[in-house]
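Written below as structure tokens is the structure these notes are about.
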Amino acid sequence: MSSGPGGTAQPGTPSLLRAINDRAALELLLDRGPLSRSQLGALTGLSKPTASQLLSRLENAGLVVPVGTTAGRPGPGAQLYEINPEAAFVAGLDVNASRIRVAVADITGTVVAEHRVATPGRQATGAVDRVRDAVDATVASAGLARNLLRQVVIGTPGALDPGTGKLRYAPHLPGWHSRRLLEELTDSLGVPVAVENDVNLAAIAEQRLGAAKGVQDFVLLWVEDGVGAAVVLSGRLHRGHTGGAGEVGYMPLPGAPLVRNVRMENAGGFQQLLGAPAVLALAREHGISVRTAPEAVTAAVAAAGNGDATLLTLLARRLATGLAAIVAVVDPELVLLSGDIPLAGGEELRALVQDELTGLAVPRPRLALSTVQGSPVVAGALQTALATARESVFTTY
């Protein structure tokens, strides 16, 4: 093998070309499912002998497995191959102040186990142990061991400051503010760990699986207990200097009292207009008594269907007011509404927000609802973990 400093393959060497061909074949098998030798050769431009050698290498490395033969053609069927799902596993987590959601997927992206742990009233101590226990329970339910995981990605409110490594913008998440957070999580799990903002992960899920496929510039607005956004520019997440891009809950807005110390109050204008407590308070003002904000929005939609759209219009106006400030700066092609509150409003709320936004902002992005099923945060965490694991497994075997 011809190699350069450190043993790396040089451009144009047979080893590098093999690695390129192997990676291309693996990506095709991921995207298209089982393929025969001749199908793989046609798609990669490789000869049949070269495609056979490639498949033999990948099978010996445990990355592909035979899965039957082609059918419907004269003569014997051709052997089909697919990615070995057991080549690697990853975990994705969604953590907030009241619960931990976990999912484990194999290298193909198929979810093999899910688990949810309620953590109400938890103390600041033991946060890392709770994550480890939740991961262990999930992998055990799939008949796996934690050491089979190649990557764990955890979604949380706030964001890690790239300069200090400390979680910012999430004082309501007890036990997650150590400057050694990543190191502690990695040591406890014995697996590479990454921590990412939960709304950013929801945007990654939409970009790869949902309504933002093929869109280069979009904003995802997330509204549940809190209000946050993810900003994607030229196909890449924009995180900002301290990781705080998208913390729009702190944004001052007309119609809300001006918060002079947002760090102490953990709130701002948009949060006070549209967070779950604000939605419940607005519902009570209109004679609607429910337990949760999504229930309040559902009741507002029902009232609008019966001819009284007052509450739904007020909610749409508040949403549009915050969005107008965002789109004036970002000018995205698409705005996605996600989280329990917008999704409870459905198409009725989306259409009203689109109408309100048309009058408030010069840019007129398309407005759509999230289409990712289940937890978008967990889905985005799995997609992020899979990208890292595949890069490692597919290039270092």
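The values are calculated or read from the model by the stated rules, or taken from the named source; none is laboratory data. Please read these numbers as outputs of a predicted model, since none were measured by experiment. Cβ coordinates were reconstructed from backbone atoms using ideal geometry, including for glycine residues, and neighbour counts include every protein chain displayed. In case anyone asks, the SASA skips ligands and DNA or RNA and just uses the protein heavy atoms, side chains included. Shrake-Rupley method; radii C 1.70, N 1.55, O 1.52, S 1.80 Å.
Points to keep in mind about this one:
- For the residues 150, 179, the requirement of being within 24 Å of residue 237 (Cβ to Cβ), of a type in the set (Lys, Arg) and surrounded by 17 or more Cβ atoms within 10 Å (Cβ to Cβ) singles out 150.
- Close pairs from the stretch 143-164: first on the phi > 0 side of the Ramachandran plot, partner in a strand (DSSP E or B) and open to solvent by 40 Å² or more (accessible area, probe 1.4 Å), Cβ under 6 Å, at least 6 apart: 158/168
- Taking the stretch 350-370 as the range and being basic (Lys, Arg) and at pLDDT 95 or above as the test, the residues that pass are 350, 366.
- Residues of the stretch 316-369 that are more than 24 Å from residue 282 (Cα to Cα), assigned to a helix (DSSP H, G or I), open to solvent by 50 Å² or more (accessible area, probe 1.4 Å) and in contact (Cβ under 8 Å) with a residue 12 or more places away in the chain: 328 alone.
- Any hit, the stretch 114-123, residues being touching a Leu at 6+ places or on another chain (Cβ under 7 Å), surrounded by 16 or more Cβ atoms within 10 Å (Cβ to Cβ) and modelled with pLDDT of 95 or more: no
- Close pairs from the stretch 272-292: first in a loop (DSSP other than H, G, I, E, B), partner surrounded by 15 or more Cβ atoms within 10 Å (Cβ to Cβ) and of a type in the set (Val, Ile, Thr), Cβ under 8 Å, at least 6 apart: 275/223; 275/227
- Here residue 213 meets each of (1) buried (at least 20 other Cβ atoms within 10 Å of the Cβ); (2) free of Cβ contacts under 8 Å to residues at least 40 places away in the same chain; (3) of a type in the set (D, E, K, R) with one exception, condition (1).
- Within the stretch 227-242, the set of residues being open to solvent by less than 30 Å² (accessible area, probe 1.4 Å) and either under 30 Å from residue 295 (Cα atoms) or touching an Asp or Glu at 6+ places or on another chain (Cβ under 6 Å) (or both) comprises 227, 228, 229, 230, 231.
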